[in-house]
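*Asks:* Dumping the structure here so I can ask a few things about it.
Please treat every number below as a calculation from the coordinates, not as lab data. Just so it is clear, the structure is predicted and the values come from calculations on it, not from any experiment. Don't worry about glycine lacking a Cβ; one is built from the backbone with ideal geometry, like all the others, and counts go over all protein chains shown.
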Amino acid sequence: MAKSALQIARASYKPKMPKALYGQVKIEEGKPTQSVADQEEVKKLFPNTYGMPTLKFVESNEKPNYPVMNVGVILSGGQAPGGHNVIAGIFDGMKNMNAANRVYGFLMGPGGLVDHNYKELTAELIDEYRNTGGFDIIGSGRTKLETKEQFDKGLEILKKLDIKALVIIGGDDSNTNACVLAEYYKSINAGVQVIGCPKTIDGDLKNEMIETSFGFDTACKVYSEVIGNIQRDCNSARKYWHFIKLMGRSASHIALECALQVQPNYCIISEEVEAKALSLDDIVKDIANVVAKRAEMGHNFGTVLIPEGLIEFIPAMKDLIAELNDFLAHNQDKFNATPKNEQLQFVAQNISAKNAAVLNSLPEGVARQLTLDRDPHGNVQVSLIETEKLLAEMVKTELTKMKGNGKYNGKFATMVHFFGYEGRCAFPSNFDADYCYSLGYTASALIASGKTGYMSSVRNTTAPADQWIAGGVPVTMMMNMERRHGEMKPVIQKALVKLDGAPFKFFAERRNDWAMSSDYVYPGPIQFYGTPELCDQPTVTLKLEQANK
């Protein structure tokens, strides 16, 4: 494999991890847990894995003899920087327990388990991928593990390879599926443990035990570097307004973190839009007013950050999308059979009058984007909705009105961007390299302890890595019931931006000043070598959230 100089240098980086994991460990059990909501419904669905205690690993002088144990690994869902280090941590942890242990990777996501596509992960192969971005060591996929037939088919290959534990590395939906699988295998005494690892650059898989999902740190630093570069161009060319959409399917954590890092002129937080019941028109007028005020200063340039999932948080749009999701879940074949030029009319005639009016009020291109194929979870694919173009055009129209009323006298030229895939497979930052390796090593300790239905947890992450706290959290603890594909299902509750949380408050107190300022922050590229102040810093979000704990 051809390698860059940085790849060669990064291969020798030794990830830091919690002090307790370097030697033998023992478990300290916390209190029994319950789901965040809908306790009775969740408990009924998970009788074998509900109510388990939280776990913490502490140093031990005991030296147990671990039996030989084979482990399977799956990368599920979208890529996130650091996935290879999770696998390296699992591999090293299992080999440290017993050199005869073997690790198998199922190829291209959960589908590899069902279709029996796998390869053994050797030391030589693992060494090729340490501290690198991407998921290409075994690939990833979005197959949902949710049927008995899939579980039984997967069990065939697990039995054949004598795999006693399976680690599923994924986001909220993937870990929900991992918990369903853990429950099923335990209910039939299959002898297979299932452990999850929290992955998503979106940052929406977190709680008191999962302080951050891996990949969020790196992705935000990559996006912030590029936004900073654009803002430097703003101050150099002084002629463009840049409308920048940022990945983050539902929550606005990425947009908020990037705003905290680069201090843009405007940043939309979807959760605030929903809380204030703002309309699309409200947002457009607010941006236009900022543009006009900057024009009075002679600044016909600036940056607007837009979270990917914005459309779903505008109350009128949210209601429309919810009904569209339900309608298309049951009528997709009829919709597909309708001539393309009649599809929007077909939908409008079969949904409520209120939502039909909203659909008909949208530009045809946006309305059509709302009816595109759903993702595997039955939701609209918000990344396909060009919100950045829509807002740029609507602000332009609003400014034309303002110019006619004498309320605006500037020049307005726009550039639009969508930063998403650029951050998913980047070289992991030192934080993510350390955090991911620690999550993997913790997963191996959970396996050695005989646990199932747990997610690997590493906390106290604003401290130096040797002071991090490793343990496990029952996946059922994070669950509630939500409507998916037209029916109620147990899922891990998404962590949205808290408007009373420290990160948003910090942003809200400063955004009016940032709106008028051109004194941007330019974060520059991720640094891997140098002082901890330069190389090992966590996100601003994490620092602010943990500051008072």
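*Asks:* For the chain, give me the percentage of DSSP beta bridges that are antiparallel, rounded to the nearest 5 percent.
*Replies:* Details: 25 of 59 bridges.
Approximately 40 percent, going by the DSSP bridge assignments.
*Asks:* Separate question: Spelling out what I want: for every residue of the stretch 435-451, take phi, set θ = phi - 60°, compute 6.51 cos²θ - 1.76 cosθ + 1.60 (Karplus), and round to whole Hz; glycine and proline get x.
*Replies:* 4, 5, 4, 5, 4, x, 5, 5, 4, 5, 5, 5, 5, 4, 8, x, 8
*Asks:* According to a simple spin-label model (label point 7 Å from Cα along Cα-to-Cβ), what is the distance in nm between N61 and E487?
*Replies:* It is 5.6 nm.
*Asks:* In the set [x] 21, 54, 20, 5, 0; [y] 21, 52, 25, 2, 0; [z] 24, 57, 18, 1, which value of P(r) over Cα pairs in 20 Å bins from 0, in percent was calculated from the structure you see?
*Replies:* [y]
*Asks:* Rank the residues I268, I90, I230 as a footprinting-exposure proxy: fewest other Cβ atoms within 10 Å of their Cβ go first.
*Replies:* Going from least to most buried by this count: I230, I268, I90.
*Asks:* Follow-up. What shape does the stretch 421-514 have by the C-alpha gyration tensor, where a ≥ b ≥ c are the square roots of the eigenvalues, rounded means a/c under 1.5, and otherwise prolate means a/b greater than b/c and oblate the rest?
*Replies:* Cα axes put the stretch 421-514 in the oblate bin.
*Asks:* Evaluate the distance, in nm, between pseudo-label points positioned 7 Å from the Cα of A100 and of Q349 along their respective Cα→Cβ axes.
*Replies:* 7.1 nm
*Asks:* Search the structure for amide H atoms under 5 Å from the amide H of Y266, placed 1.01 Å from N in the peptide plane, and list their residues when 5 or more places away or on another chain.
*Replies:* T303, L305
*Asks:* Quote to one decimal, in nm, the extra length available between Y22 and Q7 on full extension: 0.36 nm per residue of separation minus the C-alpha distance between them. Write out the running numbers ahead of the final one.
*Replies:* Working: separation 15, 0.36 × 15 = 5.40 nm, distance 2.57 nm.
2.8 nm is the gain from fully extending Y22 to Q7.
*Asks:* So who's got an amide H within less than 5 Å of the one on K245, skipping anything under 5 residues away but keeping other chains? H placed 1.01 Å off N, in plane.
*Replies:* Long-range HN contacts for K245: I306, H417, F418, F419.
*Asks:* Assign one of three labels to the stretch 133-241, namely rounded, prolate or oblate, based on the Cα gyration tensor with a ≥ b ≥ c the square roots of its eigenvalues; rounded applies when a/c is under 1.5, prolate when it is not and a/b is larger than b/c, and oblate otherwise.
*Replies:* Values: a/c = 3.65, a/b = 2.91, b/c = 1.25.
It comes out prolate by the Cα gyration axes.
*Asks:* Using a Förster distance of 56 Å, how high is the FRET efficiency between M297 and N336, based on the Cβ-Cβ distance and rounded to 0.05?
*Replies:* For M297 and N336, the calculated efficiency is 0.60.
*Asks:* Another one. In which sequence would T143, T218 go, from the one with the fewest C-beta neighbours within 10 Å to the one with the most?
*Replies:* In order of increasing Cβ crowding within 10 Å: T143, T218.
*Asks:* Okay, next question. Please work out the C-alpha center-to-center distance from the stretch 446-464 to the stretch 493-528 and express it in whole Å.
*Replies:* The two parts, judged by their Cα centres, are 29 Å apart.
*Asks:* Taking neighbour counts of Cβ atoms within 10 Å as a proxy for exposure, in what order, fewest first, do I227, I157 appear?
*Replies:* By the 10 Å Cβ count, ascending, the order reads I157, I227.
*Asks:* Against the longest alpha carbon principal axis of the chain, how many degrees, from 0 to 90 and to the nearest 10, is the axis of helix 148-160 turned?
*Replies:* Taking Cα atoms only, the helix is inclined about 40 degrees.
*Asks:* Return the calculated 222 nm mean residue ellipticity for the chain, to the nearest 500 deg cm²/dmol, obtained by summing -39500 (n - 2.57) across DSSP H runs with n ≥ 4 and dividing by the residue count.
*Replies:* -13500 deg cm²/dmol
*Asks:* Can I ask one more? Starting from the amide H of G30, placed 1.01 Å from N in the peptide plane, find each other amide H under 5 Å away whose residue is 5 or more places distant or on another chain.
*Replies:* For G30, the qualifying residues are T54, L55, K56.
*Asks:* Give the peptides 45-53, 493-501 in descending order of average Cβ contacts within 10 Å, highest first.
*Replies:* Highest to lowest by the protection proxy: 45-53, 493-501.
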